[in-house]
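Engineer: The structure is given below, and queries will be raised subsequently.
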Amino acid sequence: MLGFGKKKPDDPVAGQQAVEAQEVSTAFQKGITALRDFIAPSSLEFNGNNFRIGTRFARTYYVYGYPRQVYTGWLSGMVNLDEVIDLSMIVQPVDSQVVLNNLRKKVSQLQAGIQIDSEKGRVRDPGKEAAIQDAEEMRDKLQVGEERFFRFGFYFTIYAGSDEELEFISHKVESMLGQQLVYSKAATAQQEQGLNSVIPQFVDQLQIYRNMNTAALSTSFPFTSADLTQENGILYGINMHNSGLVIFDRFSLENGNSVVFAKSGAGKSFMVKLEALRSMMFGTEIFIIDPENEYQKMCDAVGGAYVRLSLNSSTRINPFDLPQVVDDEEADNALRSNLITLHGLFRLMMGGAQAQMLQTGLTMAPALNPVEEADLDAALIETYAKAGITNDPLTHGSMPPTIHDLYDTLLHMGSTGPQLAQRLRKYTSGTFAGIFSQPSNINVNNSMVVFNIRDLEDELRPVAMYIVLNFIWNKTKADKKRRLLIVDEAWQLMRFEDSANFMFSLAKRARKYNLGLTTVTQDVEDFMASRMGRAIVANASVQILLKQSVSAVDVLSDVFKLTEEEKKRLSQFPIGQGLFFAGQNHVHIQVIASPTEASLISPNPEAEEVLENEDIDETETGEEDELETQDQPASAVQQASPPSQQPGGV
């Protein structure tokens with residue numbers, strides 16, 4: 001009899017260990033974070049015409065209607081819109097033979113329809129005739145291989161922080177497209193399918209197409225963002241809209257003037273220095289009026305001339321100097337033009353500046369009345385005549401007079417001459433004597449000249465800026481080289497009517513002499529409160545707005561017609577970022593500099609070391625308006641061609 005032995009039972013301890021190991025393995029697998037866990041939102045909630053992704057609201061649209069003709073760049077307005085929008089384009093090629101057969105049938109139907117309308121005496125239908133014309137043109141191009149045919153689907157998803165903001169942005173986008181006869185519609189009850197069609201997973205669950213040929217399809221090229229890149233010019237920074245380079249020549253516009261507005265510490269001085277340094281590389285001469293000793297390091301680095309103006313310095317500038325012009329017409333008017341400038345200067349010296357100081361409680365000197373104006377004019381002409389200088393250009397080479405000579409002339413005149421002489425005496429033998437009352441002893445012949453006026457008294461500083469500007473203007477008229485004139489803290493000149501008028505005159509006439517005026521200020525309210533200040537802004541083809549104080553945003557918004565988003569960002573820009581306006585175009589720009597450039601223009605000796613360790617990281621380098629950035633290539637990019645008209649879909 002055969003028997004079978006019983007199976008030995010498993011070891012209970014080993015079984016328990018196996019179960020525990022399996023549980024640990026399962027728990028470990030559950031704890032592994034996959035890539036999709038990083039990119040997946042915390043939640044998704046789909047509604048009829050919108051959905052929520054995490055804490056954000058969103059809505060997907062599809063485009064269903066296009067005009068008969070579309071234009072190159074019609075999508076650029078939407079691409080450059082300062083909102084968060086995802087775009088999706090589906091392009092499916094269609095066999096040309098299939099299209100030719102369909103077009104042949106379509107043309108036959110349209111021609112038959114026109115013939116029937118004609119037989120029944122109906123009014124002709126221009127739409128049918130245009131359709132036949134488009135179809136025949138398409139057949140010809142398809143037949144010879146000049147064009148191809150495609151099915152084009154265009155979807156986009158708009159994101160916002162709230163339901164109200166979503167409605168506002170949606171209306172703005174629909175209106176923008178509708179102005180170009182491009183009609184869009186929310187994917188009602190298909191928001192999930194719309195989201196799947198927009199995100200980059202190569203699916204199209206909406207399948208709403210429009211037939212387009214090659215030319216029409218090319219107009220929807222999406223990388224047509226706001227661009228300020230030229231073949232010639234200097235690198236200003238990075239275009240934050242598309243990460244492109246802003247390479248621009250300010251002299252290519254109607255004038256080469258620019259204005260720079262920024263609060264203290266926003267990086268305006270750094271940007272202006274960088275522009276000056278790069279302009280010098282292309283042979284542009286630089287003149288700078290430096291009221292705060294910010295430009296000495298850069299000037300010394302490039303071997304420029306640094307002129308210190310103070311009551312203790314030996315530097316002398318004579319406001320009676322005449323320009324050595326070559327142009328016959330300019331030579332005939334040289335004396336008359338300088339007399340007009342001197343009128344403004346002496347009004348500033350003998351009354352204008354003090355009149356502006358009434359609010360401080362200081363003694364106010366009366367402004368010049370008409371009789372005094374006439375006597376001053378006669379005295380100026382007589383003073384030049386005593387020096388042998390008349391309207392004849394041949395006499396303009398004589399030694400010009402000085403304020404001492406004008407003082408003597410006024411002192412021996414009748415009427416109001418002696419009183420005017422007394423008001424002028426502090427510039428001849430009084431507190432301010434010497435600096436502007438003696439013959440000029442500077443012969444500036446350098447690619448960069450900086451006039452430092454920091455050590456001048458506050459009352460004398462506007463007078464000094466006026467005289468220096470006139471000196472530079474006379475040199476500019478002598479030879480029409482390409483030059484930049486940088487006036488830092490220009491609000492000091494805009495406080496006084498005569499100096500403001502002179503600045504405005506420079507802004508208007510600078511283009512004729514190949515001069516670009518750069519006006520830099522941090523006191524936006526004072527500058528824009530002046531009628532001449534607004535006129536100077538209007539005569540500047542380039543405007544740069546860096547970070548502003550909250551009180552200045554409304555003023556600038558009114559002048560530059562900023563959008564709500566631009567107004568919001570203007571007071572929140574990090575150091576070195578701002579809005580760059582050039583003509584009718586403007587972009588959000590990030591100023592960049594190489595470590596070498598930063599070491600030349602930054603007052604902080606550790607700037608270069610910081611730049612080597614950080615990417616585009618804006619940090620304040622001291623009490624001056626500085627920033628530190630990384631080096632970027634400065635290769636020129638071909639400027640976009642002008643918009644061209646292309647036929648739309650069939």
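The values are calculated or read from the model by the stated rules, or taken from the named source; none is laboratory data. Note that the structure is a prediction, hence the values are computed from the model and not measured. Here the Cβ is made from the backbone with ideal geometry for all residues, glycine too, and neighbour counts use every protein chain on show.
Engineer: Cβ-Cβ below 8 Å, separation at least six or inter-chain, first residue in region 296-318 and under 18 Å from M465 (Cβ atoms), second in a loop (DSSP other than H, G, I, E, B) and small (G, A, S): which pairs?
Structural biologist: L311/G434; R316/G434; R316/S440; I317/S440; N318/S440
Engineer: Check S429, S415 and return the single one that is on the phi > 0 side of the Ramachandran plot and either acidic (D, E) or in the same structural domain as A378 (by TED's automatic domain parsing) (or both).
Structural biologist: Of the residues listed, the single one that is on the phi > 0 side of the Ramachandran plot and either acidic (D, E) or in the same structural domain as A378 (by TED's automatic domain parsing) (or both) is S415.
Engineer: Now for a different question. Test F221 against the criterion of being closer than 24 Å to S96 by Cα, touching a Leu at 6+ places or on another chain (Cβ under 9 Å), assigned to a loop (DSSP other than H, G, I, E, B) and among the aromatic types (F, W, Y), and give yes or no.
Structural biologist: Yes.
Engineer: For V587, indicate whether it is farther than 30 Å from A301 by Cα and either in contact with a helix residue (DSSP H, G or I) (Cβ under 6 Å, 6 or more places away or on another chain) or assigned to a loop (DSSP other than H, G, I, E, B) (or both). Full working, then the answer.
Structural biologist: Details: farther than 30 Å from A301 by Cα: yes; either in contact with a helix residue (DSSP H, G or I) (Cβ under 6 Å, 6 or more places away or on another chain) or assigned to a loop (DSSP other than H, G, I, E, B) (or both): no.
Spelling it out, it is not the case that V587 is farther than 30 Å from A301 by Cα and either in contact with a helix residue (DSSP H, G or I) (Cβ under 6 Å, 6 or more places away or on another chain) or assigned to a loop (DSSP other than H, G, I, E, B) (or both).
Engineer: Could you list, in sequence order, the residues of region 161-183 that are assigned to a helix (DSSP H, G or I) and over 26 Å from Y209 (Cα atoms)?
Structural biologist: D163, E164, E165, F168 - these are the residues of region 161-183 that are assigned to a helix (DSSP H, G or I) and over 26 Å from Y209 (Cα atoms).
Engineer: Return the residues of region 143-160 that are part of a strand (DSSP E or B) and without any contact (Cβ under 8 Å) to a residue 60 or more places away in the chain; say none if nothing qualifies.
Structural biologist: Residues satisfying the conditions do not exist here.
Engineer: Pick out the one residue from P366, P291 that is at pLDDT below 90 and surrounded by 15 or more Cβ atoms within 10 Å (Cβ to Cβ).
Structural biologist: It is P291.
Engineer: Looking at (1) more than 21 Å from L309 (Cβ to Cβ); (2) touching a helix residue (DSSP H, G or I) at 6+ places or on another chain (Cβ under 9 Å); (3) not in a helix (DSSP H, G or I), which is the one condition that is false for D377?
Structural biologist: The failed condition is (3).
Engineer: Pick out the one residue from K508, K481 that is in contact with an Asp or Glu (Cβ under 6 Å, 6 or more places away or on another chain), in contact (Cβ under 8 Å) with a residue 24 or more places away in the chain, surrounded by fewer than 17 Cβ atoms within 10 Å (Cβ to Cβ) and basic (K, R).
Structural biologist: Only one candidate qualifies: K481.
Engineer: What is the one condition in (1) assigned to a helix (DSSP H, G or I); (2) in contact with a helix residue (DSSP H, G or I) (Cβ under 8 Å, 6 or more places away or on another chain) that L394 does not satisfy?
Structural biologist: (2)
Engineer: Return a yes/no flag: does region 425-433 have any residue that is surrounded by 15 or more Cβ atoms within 10 Å (Cβ to Cβ), of a type in the set (S, T, N, Q) and assigned to a loop (DSSP other than H, G, I, E, B).
Structural biologist: Checked region 425-433: at least one residue is surrounded by 15 or more Cβ atoms within 10 Å (Cβ to Cβ), of a type in the set (S, T, N, Q) and assigned to a loop (DSSP other than H, G, I, E, B).
Engineer: Scan the helices (runs of 4 or more DSSP H) fully inside region 25-127 and keep the ones with 1 or more residues being loosely packed, with under 15 Cβ neighbours inside 10 Å.
Structural biologist: On the way: elements: 35-39, 76-79, 96-119.
So the answer is 35-39, 96-119.
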